[in-house]
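The block underneath contains the structure these notes are about, expressed in structure tokens.
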Amino acid sequence: MPMPLVARKQLFRFLTESYVVGKIAYALKISFIFVAILFVDAVQRMLRITAEAEAAKSANSGVNHASTEVNIAARKFYAQRNTYLTGFCLFLSLCMTRTIQILVHLVHTEEELGTLRAKTASGSSNLVEEVEDLKAALQRKDDDIAVLQSQARQQAAEYDRLTGEHQKLSGSADKRVD
């Protein structure tokens with residue numbers, strides 16, 4: 001059953017930051033170590049019983065004792081059952097630990113996403129205003145450049161006119177060619 005983000009956030013914040021949950025997690029880690037020891041013991045017992053069964057079969061090659069066979073089969077069954085149960089407990093505890101880590105990471109990532117979206121939403125209006133201000137400043141600069149270019153053309157035309165007049169006046173006095 002999916003939970004809303006707020007409820008998940010509160011739940012996982014409680015699970016990750018609570019003192020009591022920390023103590024419970026510590027106790028579960030210790031019990032995990034005990035289950036691991038029981039798993040190793042069950043595997044050793046299963047191997048030992050299997051070896052005993054093989055030795056009994058080879059020693060009693062012609063004689064079959066029903067009670068001995070039933071006893072060995074029962075001990076083998078119990079050893080295998082204990083191996084499977086402890087192995088399954090170890091596997092599930094590892095899966096649950098990893099699942100909880102993934103969920104906590106998911107909640108933190110969703111929190112970061114929410115803050116980034118909020119910053120983007122508030123920042124986008126600021127960015128729009130900033131873009132408009134920059135466009136207005138660019139338009140003023142373009143207008144200034146157009147005014148400067150027209151002034152430069154007018155000054156060039158005035159310079160050419162004055163140079164022509166100067167050449168007319170000084171051209172009659174001295175006929176020097178540049």
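Within region 86-108, how many residues are within 23 Å of Arg8 (Cβ to Cβ) and open to solvent by 60 Å² or more (accessible area, probe 1.4 Å)? So that I can check it myself, show each step before the final result.
Initial filter on region 86-108 (within 23 Å of Arg8 (Cβ to Cβ)): 92-108.
In the following step, the residues that additionally are open to solvent by 60 Å² or more (accessible area, probe 1.4 Å) were identified as 92, 94, 96-103, 105-106, 108.
Selection size over region 86-108: 13.
Search region 17-33 for residues that are in contact (Cβ under 8 Å) with a residue 40 or more places away in the chain and pair each with any residue that is in a helix (DSSP H, G or I) and open to solvent by less than 90 Å² (accessible area, probe 1.4 Å) when their beta-carbon atoms are under 6 Å apart and the residues are at least 6 apart or on different chains. The qualifying pairs are Phe32/Ser93. Taken over region 23-44, the criterion of being open to solvent by 100 Å² or more (accessible area, probe 1.4 Å) and either of a type in the set (Lys, Arg) or more than 18 Å from Thr86 (Cα to Cα) (or both) is satisfied by Lys23, Tyr26, Lys29.
The values are calculated or read from the model by the stated rules, or taken from the named source; none is laboratory data. From a predicted model like this one, the values you see are computed outputs, not experimental measurements. We place every Cβ from the backbone using ideal geometry, glycine too, and count neighbours over all the protein chains shown. The protein model used for the area step is the full one, side chains on, heavy atoms only, and it has no ligands, DNA or RNA in it. Shrake-Rupley method; radii C 1.70, N 1.55, O 1.52, S 1.80 Å.
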